[in-house]
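Scroll down for the structure; my scribbles are underneath it.
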Amino acid sequence: MAATTAPFPFRGSKPVLVIGGGIAGMTTTLELAEAGCEVLLVEKAPYLGGRVARTSLYFPKLCPPDCGLEINFKRLKTNPRVQILNLAEVESLSGEPGNYEATIKIRPRYVTDVCTACGECAKACPAGRPDDFNDGLSTTKAVYLPYPMAFPAQYVIDRSACREGCRACADACQYGAIDLAQQENRQTVRVSAVVAATGWAPYDATKLETMGFGRFPNVVTNVMLERMAAANGPTGGRILRPSDGLAPKSVAFAQCAGSRDEHHLPYCSAVCCPASLKHTTYILSRYPEAEVTVFYTDVRAVGRLESFFSRVVADGRTQLIKARISKVEEDPVTKDLLVSGEDVVNRRKILRKVSLLVLAVGMVPQTSGLPAGFVKDQFGFIQNDSTGLFGAGCARWPAEVSSSVRDATGAALRALQCAVRSAQDG
């Protein structure tokens with residue numbers, strides 16, 4: 001939607017602060033801005049897009065997210081009512097609905113807006129770092145472009161990975177875009193409402209001691225498999241065993257890995273089942289002869305995802321067994337995995353040898369760093385819905401992309417009402 005002159009109710013209103021630049025945060029920002037409200041979008045990463053940017057394909061349509069992200073990036077870039085702060089976090093928040101004061105800490109990027117993303121700095125850089133965008137499955141240089149379609153399309157420098165006194169990147173940049181003297185700074189802003197769309201992170205699989213993650217290289221998580229399957233991922237879209245780089249002949253999925261478990265995540269993350277079903281299509285499209293097994297507690301594919309579940313099962317190449325995995329061991333020679341469990345339906349023990357084991361870990365809300373005022377439940381999900389502080393997307397509950405977008409639209413409407421009232425009261 002093209003930008004238009006702000007309608008009367010917004011004249012003199014304070015902007016809305018949106019925390020988090022994933023799909024929920026971008027949706028909230030765009031809905032507000034295109035309704036005539038000024039918006040300040042704060043994102044702690046050096047790029048926008050969140051988890052969606054790291055996704056290979058959406059389910060159930062199995063289409064890539066790139067086109068949708070590109071459209072949203074263009075809408076953000078061309079809307080004069082949107083201000084974006086990357087590498088930024090809200091340190092403190094005070095006030096009341098319609099009149100909040102927020103202090104925002106902004107970390108240095110060390111790369112200025114004149115960056116053309118030519119990549120010469122990275123070629124010259126002698127230092128490396130783990131690539132968090134690829135869940136540690138690859139490395140980047142200390143100066144790096146987060147991913148090929150990153151917005152903003154600027155390199156960033158991880159100074160903690162740099163060698164002391166090194167200026168190789170600055171010397172290599174013919175545009176003078178490297179500024180190693182940049183310092184952390186703070187801004188104080190007044191806003192009418194705050195929407196937290198801080199997203200989610202996968203549950204720490206190293207806490208699942210019997211599952212072998214971190215000990216056996218061929219035990220991976222669902223988010224790691226997603227990056228392997230992505231064309232811009234660490235393996236160029238090939239799903240390979242980390243131990244030897246070979247294609248897996250057999251793959252098992254362990255559902256509810258830590259979820260619905262009072263010792264880990266007591267709740268269901270809702271989207272793990274359809275995500276694993278999607279992952280089976282990744283594997284079988286690349287390796288049609290592979291044996292694929294899903295060990296599940298209950299298959300939960302609600303609403304429109306029911307037909308997706310039915311379609312995958314009807315294919316007949318994926319075996320579903322109602323079972324909980326109790327133990328994982330490794331063959332020290334082949335690095336294959338011995339998966340033990342119990343078939344609940346047939347009441348018998350299971351011992352399955354597989355090339356690759358994928359743990360379907362749950363979604364953990366990233367709300368621990370939010371300023372005071374946000375009310376959270378015992379799991380960390382935001383509960384605010386009737387004041388000037390709101391949650392959106394997976395900061396409120398586990399959800400897939402389309403549900404997060406709908407929820408973010410609702411959050412934008414509630415925040416918009418605060419902005420209107422702040423203008424009227426002013």
- request: Just tell me which aspartates and glutamates come within less than 12 Å, Cα to Cα, of K327; anything on the same chain fewer than 8 places away is out.
  value: E209, E342
Rounded to the nearest 20 debye, dipole of the chain from Cβ charges on Lys, Arg, Asp, Glu: 540 debye
- request: Please say if region 120-171 is rounded, prolate or oblate, where rounded means a/c under 1.5 for a ≥ b ≥ c the square roots of the C-alpha gyration tensor eigenvalues, and otherwise the choice is prolate for a/b larger than b/c and oblate otherwise?
  value: oblate
statement: Residue span Q424 to S368: 0.36 nm per residue of separation minus Cα-Cα distance leaves a gain in nm of 16.8 nm
The chain - percent relative contact order, Cα under 8 Å, separation 6 or more: 20 percent
Three-way shape call for region 349-426 based on the alpha-carbon gyration tensor, with the a/c threshold at 1.5: prolate
- line: Taking the dipole of region 251-380 about the Cα centre (Lys, Arg +1; Asp, Glu -1; charges at Cβ), the one of A372, T297, V339 that reaches farthest to the positive side is T297
message: What are the ³J(HN,Hα) couplings of region 405-418, residue after residue, when phi is run through the Karplus curve with 6.51, -1.76, 1.60 and θ = phi - 60°? Round to Hz, x for glycine and proline.
response: 5, 5, 5, 5, 5, x, 5, 4, 5, 5, 5, 4, 4, 5
task: Return a whole-number percent for the relative contact order of region 120-171, with Cα pairs under 8 Å and 6 or more residues apart as the contact set.
output: 39 percent
- line: Of the residues L265, L320, T210, the Cα lying farthest along the dipole of region 203-363 towards its positive end, which is defined by charges on the beta carbon of Lys, Arg, Asp and Glu, belongs to L320
query: Looking only at V299, V344, V194, which one moves most when the chain is put into a Gaussian network model with springs between Cα atoms under 10 Å?
result: V344
- prompt: Which whole-number percentage describes the relative contact order of region 203-363, with Cα contacts under 8 Å and a sequence gap of 6 or more?
  reply: 31 percent
- prompt: Helix 23-34 versus the longest principal axis of the chain: what is the Cα-based angle in degrees, 0 to 90, to the nearest 10?
  reply: 30 degrees
- request: Compute the projected area of the convex hull of the Cα atoms of region 100-251, averaged over all viewing directions, and report it in nm² to one decimal place.
  value: 12.5 nm²
query: Is region 281-361 best put as rounded, prolate or oblate by its Cα gyration tensor, with a ≥ b ≥ c the root eigenvalues, rounded for a/c under 1.5, and otherwise prolate when a/b is larger than b/c, oblate when not?
result: oblate
query: Toward the positive end of the charge dipole of region 120-171, about the Cα centre and with charges on Cβ (Lys, Arg +1; Asp, Glu -1), which of A142, A170, P152 goes farthest?
result: A170
field: Within a Gaussian network of the chain (alpha carbon springs, distance under 10 Å), most fluctuating of N232, N185, N134
entry: N185
message: Restricting to DSSP loop positions (anything but H, G, I, E, B) with no more than 15 other Cβ atoms inside 10 Å of their own Cβ, which GluC sites (Glu not before Pro) remain in region 263-362?
response: E289
statement: Checking G316, G119, G136 against a Gaussian network model of the chain (alpha-carbon springs below 10 Å), the top fluctuating residue turns out to be G316
message: Using a 7 Å offset from the Cα along the Cα-to-Cβ direction at both S285 and D171, what is the distance between the two label points in nm, to one decimal?
response: 4.6 nm
- prompt: To the nearest 20 debye, what charge dipole does region 120-171 have about its Cα centre, counting +1 at the Cβ of each Lys and Arg and -1 at the Cβ of each Asp and Glu?
  reply: 160 debye
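Rule-based calculations on the coordinates, nothing more; no lab input. Note that the structure is a prediction, hence the values are computed from the model and not measured. So basically every Cβ, Gly included, is an ideal-geometry build from the backbone, and we count neighbours across all protein chains shown.
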